[in-house]
1. Let me check I've understood the local charge: for GLU213, count other residues with C-beta under 10 angstrom from its C-beta, Lys and Arg +1, Asp and Glu -1. What total comes out?
2. For q values of 0.06, 0.09, 0.11 Å⁻¹, compute log₁₀ I(q)/I(0) with the Debye formula on a Cα-only model of the chain, without solvent.
3. So which aspartates and glutamates pass the test for LYS65, namely a Cα distance under 16 Å, with those fewer than 8 places away in the same chain ruled out?
4. Antiparallel as a % of all DSSP beta bridges within the chain, to the nearest 5?
5. Give me a comma-separated list of calculated 3J(HN,Hα) values for the range 348-365, in order, Karplus coefficients 6.51, -1.76, 1.60 applied at θ = phi - 60°, integers in Hz, x for any Gly or Pro.
6. Each residue of the range 217-226 in order: what ³J(HN,Hα) in whole Hz does its phi give by Karplus 6.51 cos²θ - 1.76 cosθ + 1.60, θ = phi - 60°, with x for Gly and Pro?
7. Kindly express, to the nearest 10 degrees and within the range 0 to 90, the angle between helix 426-437's C-alpha long axis and the longest C-alpha principal axis of the chain.
8. Work out the P(r) tail for the range 365-421: percent of alpha carbon pairs separated by more than 19 Å, whole number.
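Throughout, read-outs are computed from the coordinates displayed, never taken from laboratory work. What you are looking at is a predicted structure, and each value in this text was computed from that prediction instead of being measured. Here the Cβ positions follow ideal geometry from the backbone for every residue, glycine too, while neighbour counts run over all protein chains shown.
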Amino acid sequence: MHPLSFDVSRYELQQVTVAGESYVVRAFEGIAYVSKPIDLSYQILNFYVPEAYFQGGEINGFTAKTAPIFFPNYIGGYMPAKPGTARPALQGPNAGKESTIAVALSKGFVVASAGARGRSLKDAQGAFSGKAPAAIVDLKAAVRYLRQNDAVMPGDAEKIISNGTSAGGAFSALLGASGNAPDYRPYLAALGAAEQRDDIFAVSAYCPIINLENADAAYEWQFGGVNDYRKIEVGMLDFNMVRKEVAGTLNAEQMALSAQLKPVFSTYLNSLQLRSTQGQLLTLDADGNGSFKDWVKHYVMKSAQVALNAGQDMHQYNWLTVHAGAVQDLNYDAFVRYSGRLKLPPAFDALDLSNGENDLFGTSLRGAQHFTAFAAQHSLVPDAGLADTKVIQMMDPMHYIGAPDARTAGLWRVRHGTLDRDTSLAIPTVLATTLQNKGYNVDFALPWDVPHSGDYDLDALFQWARTVAMEKTEH
Ligand code: DHB
């Protein structure tokens, strides 16, 4: 048998329970998705199919042939990630809850979840084997495997819908933005990935930690002037962990860095020439004020309105003006102080190379490097390296959206809670607005008071996924 052939007979039956109802599924677990793997603990995928599809059944309007393939990754903090399972998590914030995969199956989706290498991984010789761009190469290889075997695997490989949170949300977005981009081909070839397309149909991303080259400035655009912080321990970057926060106040040097970085964001934002859905040019002045700030604020107000409509008591937010059932205004700076600073400047490219992002951009021999010119210039580490420009681009969905040699997914759903301070609200807003401006279909919202997390609105997520998939089936 060809090493990348799907073996239809290698499964076990599993029972999943969702909302008190039981479903039987065929679980094909631990499938190697490349023929020359580097680490078979991670370069494997789990594939789940509702048993009903093998009996000619229909679920939620889908059949074995038409069902979309939900493609969740479980990457957190850029660490190595195992493929997801249909079982409830044993630990972390979602312990005991039914899994996202089980919910997807109950709604008629076929599920493929790929593991991926991550920043801490080492090979037998002790060299790092999961630094950038390893994880995105792995996810692309898994997509290629699904296409290679589309004729024998239930589900439609032309309707792959990726999902992920935080670092995993970043990879979900990157997978969607960079379909078929030639930059990744040598890496895919080295792993013996299937010779297939790797573009996908749709993206779901929760709080994607993206645009790392501009994220430090974006963070200070939002939090500049907020000097008190509650910082997370670096070992707790991953949204899957219960986090411990340590309170403090920026020192004079950190305040100076913040003041230097903040106006850099206005320059970047203005260079994008983004427009609102009404066609207004979105800009910022050197103080960070302007139509782009109003645009972010309008998304926060929209979120407050949704919460109000759902019956939430909004009186506690004294910086919100509500009249006759309508959110009329929001004091943006008071809202920012309420949400609070979580990271110290520079928020991502740490001057002492101590952040997870520094570690992501290491090489096989070097643990961590810088990835912005600013941090490299201000580095506290003698001879600190700067990551390769190409590799930095290969980790950034912004670089590929609508690029002539990439096929960007047409359908996007992006969520970032208003209480999520792991990156600036400007980052998902720039992503969504760029996609909109380039003609992609985006469902973007900032759910009210939701902290750094994902998969918290599964009914709405799968409703969206079903709607976009049905439209494709009918056309
Ligand atoms: C994650 C969180 C972060 O704050 C970050 O900078 C990178 C990744 C995460 O939860 O995956």
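1. Neighbourhood net charge equals -3.
2. The Debye formula, applied to the Cα set alone, gives -0.26, -0.59, -0.89.
3. GLU51, ASP150, ASP156, GLU158, GLU471, GLU474
4. The antiparallel fraction comes to roughly 55 percent.
5. With coefficients 6.51, -1.76 and 1.60, one gets 10, 8, 5, 5, 9, 6, 8, 7, x, 5, 4, 5, 4, 8, x, 10, 4, 10 Hz.
6. With the stated coefficients, the range 217-226 comes to 5, 4, 5, 6, 4, 7, 9, x, x, 8 Hz.
7. 60 degrees
8. The proportion of pairs with Cα distances above 19 Å equals 54 percent.
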